[in-house]
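The values are calculated or read from the model by the stated rules, or taken from the named source; none is laboratory data. None of these values were measured; they are calculated from a predicted model. FYI the Cβ positions are ideal-geometry reconstructions off the backbone, even for glycines, and counts take in every protein chain you see. Quick note on the areas: whole protein, heavy atoms, side chains included, nothing else; ligands and nucleic acids left out. Shrake-Rupley method; radii C 1.70, N 1.55, O 1.52, S 1.80 Å.
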Amino acid sequence: MTVEPLPRSALYKATDPSALGFATTDELADATTIIGQGRAAAAIEFGVGMPHQGYNLFVHGPSGSGRHTAIEQALSACAATQPPPPDWCYVNNFATPHRPIAMQLPPGMAATLRSDMERLLDDLLNTIPAMFESEDHRNRVQAVDAEFKHKNETEFEALAEKAHQRNVALIRSPMGFAMAPLRNGAVLKPDEFNALSEETRRKIQEDIEALQQELQEIMQRVPEWDKQRRDRIREINQEMTRFAVKHLIDALREKYAVQAAVLTYMDLVETDIVDSVEAFLPTGETPQGATLPFGGAQASPRGRAGLFRKYLVNVVVQNSSAKGAPVVYEASPTHDSLVGRVEYLSEMGALVTDFGLIKGGALHRANGGYLILDALRLLQMPYAWDVLKRALRAREIVIESIGQMLNLINTVSLEPQAIPLNVKVVLVGGRMLYYLLSQADPEFEDLFKVTVDFDDDMTRDEENQRLYARVIASFTRKESLKPLSAAAVARIIEHGARLAGDSEKLTARLGAIADLARESDYCAKQSASATVDATHVEQAIAAQVHRLDRLRERGQEAILQGTLLIDTTGLRVGQINGLAVVTLGGFSFGRPNRITARVRPGRGEIVDIEREVELGGPLHSKGVLILAGFLGGHYAGERPLSLQASLVFEQSYGGVEGDSASSAELYALLSALAEIPIRQSLAVTGSVNQHGMVQAIGGANEKIEAFFDVCAAGGLTGEQGVLIPKPNVRHLMLRKDVVEAASAGKFHIWPVTTIEEGIELLTGVPAGRRDASGNYPDGSVSARIVKRLTDFANVHRAFATDRGGEDRK
């Protein structure tokens, strides 16, 4: 069987600049759609249009794929067709001040109401004090005072006259009232009173006691009369205040006639102003009959100004300038930034608050529209995920602190009325996070029923290449970069295929493409070029690699210096060059590894030294076990596999994972069994199954280039090359120097399908196929392996027989 090296056309798929249809990107229109993401675009359209509860979106895909930009554009376009949501504000609850009332108003009206209430207070602060200083108010109060004063005097005068008729005097003194006996109109002195007869003294004493009882009854009625006086004055004050306030509030009632909630609120405001009229008087003045408030919700150390806060309006959300539904991105989704918070002021050593210190959160701003959150940041914030789920389930926003939510504090705080929630939440995160939430949180799939899965790549066809060019043109214009020539765009498209790891695909990580465009623009500016050309793109790509490839260079140096043993010439039995890929910090590079195999008689065991020392991962161990299946199926169908083999990655001091070296390990094992040397000028990559089929692997470009660099450093001989799985041919987008060397016949890439094809290339000896009788051709690799395994079986049998005889002795 003959396997031919790949031609130049298979090593790199170029893009023809003339086929793009433009000279520079200035000629191209901006991209208006999400390119290469048909599945994601359809999911977004469905999720945005689905009005039912629970159809929130989780957007996941590779970082840099433009997930945020795409979702914001889609949501903004849909939001522009929807009406602005209503305003929301909090007002004082005069009955229970710790439970502020949430009020819904048409867009823009909340700010207007706030201004109107502020003007109302200004008017009242001028009107009410002037009213209390009026002549009318003074006369009415004086009339009430005169009336009750006359009533008091009448009562006491009547009592005094009655006492006089009984020869008793009613005496007023600074200490109060007193009674004393009279004779001939004069008060008796004590000695004169004692000189009277006992019967007379007793009679006078009885009269005084009776009069004192009446005096006490009158004195008991005095506070009631004073209360009646103050009530009458308060009625006068309230009547006049109501008259002063009514026409001002009636103007607002007329303005907000269709807003039932505002009308109800105005009634409550009017009633409270009338009841609290003393707050509107200048400091230090109290109207007659008025009492200062005590313990009111707004009567705090903020002073007199705090008494008026209860009449103001706290606007939490206003949409006066909105032209559609809101699209809100919350970069720091904490508990408080989502549902809002109640702030406090420190006054005289105490924390005080009121409804005016309620602050809205992202859910308030996005209510009636869309809220975009980073899923990972959301989950990193304490209790943010829980409070978001609770709001979505209940469809309302409840403002409470974490301490209240967990019942950790018992102090009196505000309990603002909940606001109904109508929002579409979009979480943006990685695929692993999406699958973890689906598995670990039973509520997740009920709340986020729409999955928006962004692809890692897109088909590389003419249409997508043109769309790619438009995306690049849009980006350069947005950031005021130099225009790119068609050749530069073609080179970026080719690099996009390299990043995708597939010549038939383009990467969907448009962030990396944008970075390349920026860096190419920098190179063009350095050379004072008016446009970005393909050479500038090449310079930018080379600079990107150079900034990241220090470890790759150190590895190459170690090989060239002989520290890491890699042969690129000669023949060796049981030794082969394997290829691995290392990814560090987003940069991937290949690394050749020497793989060796040793065999001896045994019980069919293949020892993976990497696994024995716990350096091999499960996938690598799986690949080694597959080798045992291959050997057993091909060479031990009629006899036991009397073999013990050991495999190892030489000079490997870190972990080994993946099965991409399993074909190389098998080649080394077959070479050791057949005792046929392998060409060290070749390197191998590819996994293998139990039937000997070579399977595709990742990182084919990096692996080929790594071995090429080692060979080129020592001098290309024309015999060197790499064996890759045939399915990996479509993934090749090799460096220009590798392509040129392969075209000149100095380096070769062979696509292999089976182990038989590979072993023939590596050894130059036919693999051999079974004939009708089940035998392999003489001299073939398989024939030599069968003979060697038969010899091992005989040795094992003879050893077991001899050992049994010894045991019997």
For this session: Would you check which residues across region 311-357 are assigned to a strand (DSSP E or B) and either small (Gly, Ala, Ser) or over 19 Å from Leu388 (Cα atoms) (or both) and list them?
Result: Asn314, Val315, Leu345, Ser346, Glu347, Ala350, Leu351, Val352
Exercise. Out of region 74-105, which residues are of a type in the set (S, T, N, Q) and in a helix (DSSP H, G or I)?
Worked result: Ser76
For this session: For region 572-579, state whether one or more residues are in a strand (DSSP E or B) and small (Gly, Ala, Ser).
Result: yes
Exercise. Taking the condition of a type in the set (D, E, K, R), touching a residue at least 12 places away in the same chain (Cβ under 8 Å) and touching an Asp or Glu at 6+ places or on another chain (Cβ under 7 Å), does Lys449 pass?
Worked result: no
For this session: For region 91-120, enumerate the residues that are surrounded by fewer than 15 Cβ atoms within 10 Å (Cβ to Cβ) and hydrophobic (A, V, I, L, M, F, W, C).
Result: Ala95
For this session: Would you mention how many residues in region 704-726 are within 23 Å of Ser662 (Cβ to Cβ) and of a type in the set (A, V, I, L, M, F, W, C)?
Result: 8
Exercise. When Glu155 is evaluated against the numbered criteria (1) in contact (Cβ under 8 Å) with a residue 60 or more places away in the chain; (2) open to solvent by less than 40 Å² (accessible area, probe 1.4 Å); (3) assigned to a helix (DSSP H, G or I), which criterion, by number, is the only one it fails?
Worked result: (2)
For this session: Count, please, the residues in region 205-242 that happen to be without any contact (Cβ under 8 Å) to a residue 40 or more places away in the chain and within 23 Å of Ala130 (Cβ to Cβ).
Result: 4
Exercise. If you check Lys478 against the conditions, is it charged (D, E, K, R) and touching a Phe, Trp or Tyr at 6+ places or on another chain (Cβ under 7 Å)?
Worked result: no
Exercise. Just wondering, is there one or more residues in region 30-41 that are part of a loop (DSSP other than H, G, I, E, B) and of a type in the set (Lys, Arg)?
Worked result: no
Problem set entry | Subset tally (residues that are open to solvent by less than 20 Å² (accessible area, probe 1.4 Å), farther than 16 Å from Tyr265 by Cβ and in contact with a helix residue (DSSP H, G or I) (Cβ under 8 Å, 6 or more places away or on another chain)) for region 74-90 | 1
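Could you list, in sequence order, the residues of region 112-142 that are of a type in the set (A, V, I, L, M) and touching a residue at least 12 places away in the same chain (Cβ under 8 Å)?
Those that are of a type in the set (A, V, I, L, M) and touching a residue at least 12 places away in the same chain (Cβ under 8 Å): Leu113, Met117, Leu120, Leu121, Leu124, Leu125, Ile128, Met131, Val141.
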For this session: With respect to Asp145, determine if the residue is under 30 Å from Phe132 (Cα atoms) and either in a strand (DSSP E or B) or open to solvent by less than 60 Å² (accessible area, probe 1.4 Å) (or both).
Result: yes
Seminar exercise, completed: Listed by first then second residue, the pairs whose first member lies in region 247-269 and is within 15 Å of Leu121 (Cα to Cα), whose partner is open to solvent by 60 Å² or more (accessible area, probe 1.4 Å) and assigned to a helix (DSSP H, G or I), with beta carbons under 6 Å and at least 6 positions apart or on separate chains, are Leu248/Asp123
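This table checks each residue for (1) open to solvent by 30 Å² or more (accessible area, probe 1.4 Å); (2) modelled with pLDDT of 70 or more; (3) among the hydroxyl-bearing types (Ser, Thr, Tyr); (4) under 30 Å from Pro84 (Cα atoms).
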residue: Val262; (1), (2), (3), (4): no, yes, no, yes
residue: Ala279; (1), (2), (3), (4): no, yes, no, no
residue: Gly284; (1), (2), (3), (4): yes, no, no, no
residue: Gly303; (1), (2), (3), (4): yes, no, no, no
residue: Asn314; (1), (2), (3), (4): no, yes, no, yes
residue: Gly324; (1), (2), (3), (4): no, yes, no, yes
residue: Tyr329; (1), (2), (3), (4): yes, yes, yes, yes
Problem set entry | Count of region 775-799 residues which are of a type in the set (Phe, Trp, Tyr) and touching a Pro at 6+ places or on another chain (Cβ under 9 Å) | 2
For this session: Spot the failing condition for Val489; the list is (1) free of Cβ contacts under 8 Å to residues at least 40 places away in the same chain; (2) crowded, with 23+ Cβ neighbours inside 10 Å, and only one is missed.
Result: (1)
Exercise. In the set Leu516, Leu560, Leu571, Leu499, which member is at pLDDT 90 or above and surrounded by fewer than 18 Cβ atoms within 10 Å (Cβ to Cβ)?
Worked result: Leu571
Problem set entry | Among residues of region 1-20, those that are open to solvent by 90 Å² or more (accessible area, probe 1.4 Å), within 19 Å of Ala497 (Cα to Cα) and hydrophobic (A, V, I, L, M, F, W, C), counted | 0
For this session: Say whether the condition of being at pLDDT 90 or above, open to solvent by less than 30 Å² (accessible area, probe 1.4 Å) and out of contact with any helix residue (DSSP H, G or I) (no Cβ under 9 Å at 6 or more places or on another chain) is met by at least one residue in region 717-738.
Result: yes
For this session: Kindly indicate whether Asp354 is of a type in the set (Asp, Glu) and open to solvent by 20 Å² or more (accessible area, probe 1.4 Å).
Result: no
Seminar exercise, completed: Expected output for region 460-475 (first residue farther than 11 Å from Asp30 by Cβ, partner among the charged types (D, E, K, R) and open to solvent by less than 40 Å² (accessible area, probe 1.4 Å), Cβ below 8 Å, 6+ apart or cross-chain) is Arg460/Asp502
Seminar exercise, completed: Checked region 207-255 for anything touching a Phe, Trp or Tyr at 6+ places or on another chain (Cβ under 9 Å) and open to solvent by less than 40 Å² (accessible area, probe 1.4 Å); matches are Leu215, Ile218, Trp225, Asn237, Met240, Thr241
Exercise. Which members of region 42-73 meet the condition of being in a loop (DSSP other than H, G, I, E, B), open to solvent by 20 Å² or more (accessible area, probe 1.4 Å) and hydroxyl-bearing (Ser, Thr, Tyr)?
Worked result: Ser63
Exercise. Based on what the data block shows, is Gly758 at positive phi and either surrounded by fewer than 23 Cβ atoms within 10 Å (Cβ to Cβ) or in contact with a strand residue (DSSP E or B) (Cβ under 8 Å, 6 or more places away or on another chain) (or both)?
Worked result: no
